[in-house]
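Q: First the structure, then my questions, so here it is.
Values in this text are rule-based calculations from the coordinates and carry no lab data. Quick caveat: nothing in here was measured; it's all calculated off a predicted structure. All Cβ positions, glycine included, derive from the backbone under ideal geometry; neighbour counts span all protein chains shown.
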Amino acid sequence: MPITGHARRLSVAVLAAGLAASVHAEPHGLFAPPLRLSEVRSAQRLPDKRLEESRVPAHVTVVTEEDIRLSGAKSLQELLAAQMGVVTYDDVGNQFQQTVDLRGFNATPGPAAAVYVDGVRINESNLGQVNYHLVPLEQVERIEIHRGPSTLYGRNALAGVIHISTKRGAAAFAAEAGAGYGSFERRKGWLSVGDRLGDLDYQVVASREDDGGHRRHSDVGVGATLLKLGYRLSEGSDVAVSYARADDRVQQPGSLTGAELAADPRQNRSEADHISRLDFFTYNQRQALAADFSLAVNGFYRKRREDTPLNRGRSSISRSLAELKSSGLTGQLSRDWEVLGRRNIATFGVEALRGEADTSSLYSFGGAPTFSGAFTRDEALGLFGQTVYDLSPDALTLTLGLRYDQATVRYDDRDTPANGGSQGFNRTNPRVGLNWNPSEAAGLYASYAEAFRSPTVNEISALGPFGSGALKPVKARNYELGGRFAPTGWSQLRAAAFWDDVSDEIYPVFDTTLGYGRNINVDKTRRTGVEWGGTAAWRDRVEWRWSHTFTRSTFQSDMQLDKPPYVAAQRVAKGDSIPMVPPHRVARGLQVRP
């Protein structure tokens, strides 16, 4: 079902009213203008040629280091939850491993938003999930959130991109330390030291956080360290290398039924212990070249070992060990020059990635223990290009982008070799956008973009011999209209309306005849919605923020599903809502600067 007429009229009215009001902006008076047109560093695959927000045809939120400090957030998940349209939820029983997603895709088995740290995607290769607790907020300098399909980032950026930049040494020596204690024995301590010594800079951040948890068997302990070294030979030459290590022990109490929750919300009917270690190396370089060209390079190696000595379910018990490795190299060539007297920024690049997962487990469903082991390899290659051209200086900007991706996923089952095999995926996705800025206080954009998500290894091979078989990649086509407006000198309004047509969405179902769960491709689904919010400020001391997001996620094809204990007993009709997607989300906050 398409977006309702009421919601469509509402989005158009908001955009039109904001544009009309912005033409007659009031003088500042006692109020400080909250309108900030930030530089968007992640408008390209690698942050090289920075673009003004007014030239980016997308709904982008930029969270600066000062915003992080003033937010009062204690974790990355808490900070993201306060942003417009971001959905967070806990499905494992602790506050450290929350799932974060965008634009109504949170009902799928794997997250549809891609998360990057210093240019490297950190979604785990086997499941697609993100361990946000391994990126302490004390390490973060800047966050940029791109909503909607992000074509230049390639596969798996279906719902958007969250790009995180870690800190570098400042121009002067700086040292910070902090500690805190809260309910349920939550305690935290951290130390950050950075400096610049001539052309060299360094940053060291160390933190430790422990939590006793609200429920029984929900203790969490996380220790993390970031070491970063930079070298700036000149304005156009910059190199940064970093090493991040994180160790954690996490307990997951699992889910409860409604009756169990009412009887004792702190009880634990299942339990899981996870112990992991992360080692993460990154290399980033930006080099100015002749004739207005520049080169950006990103390389990385990431290794994570996860040991699960105990995973006790209601009718099963298991233990497992997984070692995940990934590496990659991205090169990007850019040029900022004039074409026919108009500014043009062109970008071309290539990206190569490789991921491996070696897993083994011993499990029992009430009978004799069974061994399971597998080795998977994921290899991918991407080619991308984009041009941003000013049709009219400072007023009208055209963006054209294209990316080609090919990927191969190979699965080897040590227990049952016949279950092994490989799947290949390839896709070319375009992007077209137009920005119109009639004044400094107003701007509109319209865009069309495509993106896709390849199935994760876990989605293909879940439950070993009862795997999902060949799954198609998920494809999305996005149509979007948005804008920013300053109706007065002390307030600002932002809005976006989107329409996502999705094909072959991966969806979990239960097969009653065989008695196990599996994943299938749903022919057609759709996401439509409106995101809008604003800020108002008084002097430089008080700022009020609010936002509202309406999202409608629906099936667009008829299908029959099993409903235990019956076969094909549940009919899904075109227009039915996809479960687990909240239709409304409201956020508000007040910041006071002493």
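Q: Mind checking the angle between helix 5-22 and the chain's longest principal axis? C-alpha axes, 0 to 90 degrees, to the nearest 10.
A: That works out to roughly 30 degrees.
Q: A follow-up question, please. Please compute, over every Cα-Cα pair in the chain, the percentage with a separation greater than 33 angstrom.
A: Details: 81832 of 176121 pairs.
For the chain, the fraction of Cα-Cα distances above 33 Å is 46 percent.
Q: Ranking 552, 571 by Cβ neighbours within 10 Å, fewest first, what do you get?
A: The fewest-first ordering by Cβ neighbours comes to 571, 552.
Q: If the convex hull of the alpha-carbon atoms of the range 161-269 is projected onto planes in all directions, what is the mean projected area in square nanometres? Don't skip to the answer; put the middle values down first.
A: Values: hull surface 39.0 nm².
It is 9.8 nm².
Q: Here is a follow-up. Which whole-percent values make up P(r) of the range 172-227 when all C-alpha to C-alpha distances are grouped in 5 Å steps starting at zero?
A: Calculated over all Cα pairs of the range 172-227, the distribution is 5, 17, 21, 16, 13, 10, 8, 5, 3, 1, 0 percent.
Q: Can you pull the Rg over Rh of the range 360-424, Cα-only, Kirkwood? The partial results should precede the final answer.
A: On the way: Rg = 23.5 Å, Rh = 16.3 Å.
Rounded to two decimals, Rg over Rh is 1.44.
Q: A follow-up question, please. Can you give me the orientation-averaged projected area of the convex hull built on the Cα atoms of the range 399-443, in nm²? Can you show the working numbers first?
A: On the way: hull surface 22.2 nm².
Projected area, direction-averaged: 5.6 nm².
Q: How high is the relative contact order of the chain? Use alpha-carbon pairs under 8 Å, at least six apart in sequence, and give a whole percent. Could you put the intermediate results ahead of the total?
A: Numbers: 1652 pairs, mean separation 82.5, N = 594.
Relative contact order, the chain: 14 percent.
Q: Next question. Mind putting a number on the dipole of the chain about its Cα centre? Charges go on the C-beta only, +1 for Lys and Arg and -1 for Asp and Glu, and I need it in Debye to the nearest 20.
A: Details: 70 positive and 68 negative charges, 143 e Å.
Value, rounded to 20: 680 debye.
Q: For a protection proxy built on the mean count of beta-carbon atoms within 10 angstrom, sort 155-166, 172-183 highest first, please.
A: On the way: 155-166: 26.0, 172-183: 10.4.
Final packing ranking: 155-166, 172-183.
Q: Run through all the Cα pairs of the range 301-413 and give the fraction in each 10 Å bin from 0, expressed as whole percent.
A: For the range 301-413, the pair-distance distribution reads 12, 25, 20, 16, 13, 10, 5, 1.
Q: Using only Cα atoms, what Kirkwood radius does the range 368-502 have, in angstroms? Each step should come with its number before you reach the end.
A: Values: mean 1/r = 0.0540 Å⁻¹.
Taking the inverse mean of 1/r over all distinct Cα pairs, the range 368-502 comes out at 18.5 Å.
Q: Measure off 7 Å from each Cα along the Cα-to-Cβ vector at residue 542 and residue 195, then give the distance between these two points in nanometres to one decimal.
A: 4.2
Q: Are there any chymotrypsin sites (Phe, Trp or Tyr not before Pro) in the range 199-244 that are in a DSSP loop and have at most 15 other Cβ atoms within 10 Å? List them by number.
A: Numbers: sites: 202, 231, 243; in loops: none.
Filter output for the range 199-244: empty list.
Q: Quick one: which of 268-275, 117-124, 288-295, 520-527 comes out on top by average Cβ neighbours within 10 Å, and what's the full order, highest first?
A: Details: 268-275: 17.8, 117-124: 22.6, 288-295: 12.2, 520-527: 19.5.
Ranked by mean Cβ neighbours within 10 Å, highest first: 117-124, 520-527, 268-275, 288-295.
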